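Before any comments, here is the structure.
The values are calculated or read from the model by the stated rules, or taken from the named source; none is laboratory data. Since the model is a prediction, treat every value here as computed from it, not as a measurement. We place every Cβ from the backbone using ideal geometry, glycine too, and count neighbours over all the protein chains shown.
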Amino acid sequence: MVLNRLWLLATRNRGKVAEMAPLLAGYGVQLRTLADLDLPSPEENGRSFLENALLKARAGFEATGLPTLAEDSGLCVPALGGAPGIHSARFAGEDADDAANNRLLLERMSGLLGAERAAHYHCCMVLLRRADDPEPLVAQGLWSGSIADEPLGTGGFGYDPIFIPHGDLLTAAQMGPEIKGKRSHRAMALRSLVGLLAALYPAQPLSLKA
């Protein structure tokens with residue numbers, strides 16, 4: 001079986017497109033997004049990152065017939081019971097922007113010190129190769145760190161201005177895209193996914209050098 005190199009990336013989030021498209025281009029994959037095809041985003045009513053990623057992948061494939069890559073990701077803070085988690089994009093409300101979500105998280109973490117400020121980004125990525133695919137490829141990535149006391153940096157999106165990766169002094173928003181492209185939760189999930197594809201399609205390997 002030959003895997004079509006034209007994929008749907010099931011997102012309208014420009015930040016995710018900017019972060020993932022260069023990585024996938026390095027694997028020889030051409031992308032179309034929901035925005036490119038004027039398709040709506042499905043309702044994310046799953047109870048986990050995996051359920052939401054599968055929901056988006058299935059909706060995307062049904063609409064286009066293309067191999068569909070979908071991901072669901074968010075920031076998890078153990079001291080808050082894993083919140084904001086799957087509600088990361090709408091933590092401060094359905095119409096909240098990144099700044100509002102960051103403000104609310106900092107308010108909820110007021111008074112927490114040291115290890116209580118631990119957090120991690122979680123990404124669950126799903127590739128659906130056909131409508132009745134019995135083996136949707138699933139890959140996950142984690143990026144561990146802690147929550148800063150205040151937003152710093154203007155790069156990235158989401159909670160990047162208040163997320164300090166483990167072992168760093170800078171927030172993710174203060175890092176260049178080339179660094180995030182190697183270390184982020186999405187980069188880790190994507191490398192894992194490519195490894196699965198290389199095992200399934202040995203005669204049609206995707207480059208692992210990206």
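Restricting attention to segment 25-41, which residues are in a strand (DSSP E or B) and polar (S, T, N, Q)?
Answer for segment 25-41, where residues must be in a strand (DSSP E or B) and polar (S, T, N, Q): Gln30, Thr33.
Contact list please: Cβ distance under 9 Å, first residue in segment 124-135 and touching a residue at least 60 places away in the same chain (Cβ under 8 Å), second residue part of a loop (DSSP other than H, G, I, E, B) and hydroxyl-bearing (Ser, Thr, Tyr), pairs at least six apart or on different chains.
Sorted first by the residue in segment 124-135, then by its partner, the pairs are Cys124/Ser48.
Could you check segment 138-164 and list, in sequence order, the residues that are within 30 Å of Ala198 (Cα to Cα), of a type outside the set (Gly, Ala, Ser) and crowded, with 21+ Cβ neighbours inside 10 Å?
Of everything in segment 138-164, just one residue is within 30 Å of Ala198 (Cα to Cα), of a type outside the set (Gly, Ala, Ser) and crowded, with 21+ Cβ neighbours inside 10 Å, namely Trp143.
Looking at this structure, is Ala57 assigned to a helix (DSSP H, G or I), modelled with pLDDT of 95 or more and touching a strand residue (DSSP E or B) at 6+ places or on another chain (Cβ under 8 Å)?
yes
Mind checking which pairs have a first residue in segment 22-36 that is within 15 Å of Arg186 (Cα to Cα) and a second that is buried (at least 19 other Cβ atoms within 10 Å of the Cβ) and β-branched (Val, Ile, Thr), Cβ under 7 Å, 6 or more apart or different chains?
These pairs meet every condition: Tyr27/Val194.
Restricting the search to segment 56-95, which residues are in contact (Cβ under 8 Å) with a residue 24 or more places away in the chain, small (Gly, Ala, Ser) and in contact with a Lys or Arg (Cβ under 8 Å, 6 or more places away or on another chain)?
Ala70, Ser73, Ala79, Ala83
Return the total of residues in segment 48-88 being out of contact with any Asp or Glu (no Cβ under 6 Å at 6 or more places or on another chain) and surrounded by fewer than 19 Cβ atoms within 10 Å (Cβ to Cβ).
The number of residues fulfilling the criteria is 14.
Specify the residue that is modelled with the lowest pLDDT; the eligible residues are those in segment 94-132 that are surrounded by 15 or more Cβ atoms within 10 Å (Cβ to Cβ) and of a type in the set (Gly, Ala, Ser).
Ala96
Sort out which residues of segment 5-16 are farther than 17 Å from Val126 by Cβ and part of a helix (DSSP H, G or I), and write them in order of number.
Within segment 5-16, Arg14, Gly15 meet the criteria.
Does any residue in segment 175-200 that is hydrophobic (A, V, I, L, M, F, W, C) come within less than 8 Å, Cβ to Cβ, of a residue that is part of a helix (DSSP H, G or I) six or more places away or on a different chain, and which pairs are these?
So the pair list comes out as Ala187/Leu23; Ala187/Lys180; Ala187/Gly181; Leu190/Met20; Leu190/Leu23; Leu190/Leu24.
As an exercise: evaluate Ser192 against (1) more than 19 Å from Leu105 (Cα to Cα); (2) touching a helix residue (DSSP H, G or I) at 6+ places or on another chain (Cβ under 7 Å); (3) of a type in the set (S, T, N, Q) and give the number of the one condition it does not meet.
If we test Ser192 against (1) more than 19 Å from Leu105 (Cα to Cα); (2) touching a helix residue (DSSP H, G or I) at 6+ places or on another chain (Cβ under 7 Å); (3) of a type in the set (S, T, N, Q), just (2) comes out false.
Looking at (1) buried (at least 21 other Cβ atoms within 10 Å of the Cβ); (2) in a loop (DSSP other than H, G, I, E, B), can you tell me which one Glu44 breaks?
In the conditions (1) buried (at least 21 other Cβ atoms within 10 Å of the Cβ); (2) in a loop (DSSP other than H, G, I, E, B), Glu44 misses (1) alone.
Of all the residues that make up segment 1-48, how many are more than 16 Å from Gly74 (Cβ to Cβ) and hydroxyl-bearing (Ser, Thr, Tyr)?
Total satisfying the criteria: 2.
State all residues of segment 20-41 that are surrounded by 20 or more Cβ atoms within 10 Å (Cβ to Cβ) and in contact with a Pro (Cβ under 8 Å, 6 or more places away or on another chain); if no residue qualifies, say none.
Matches in segment 20-41: Leu34 only.
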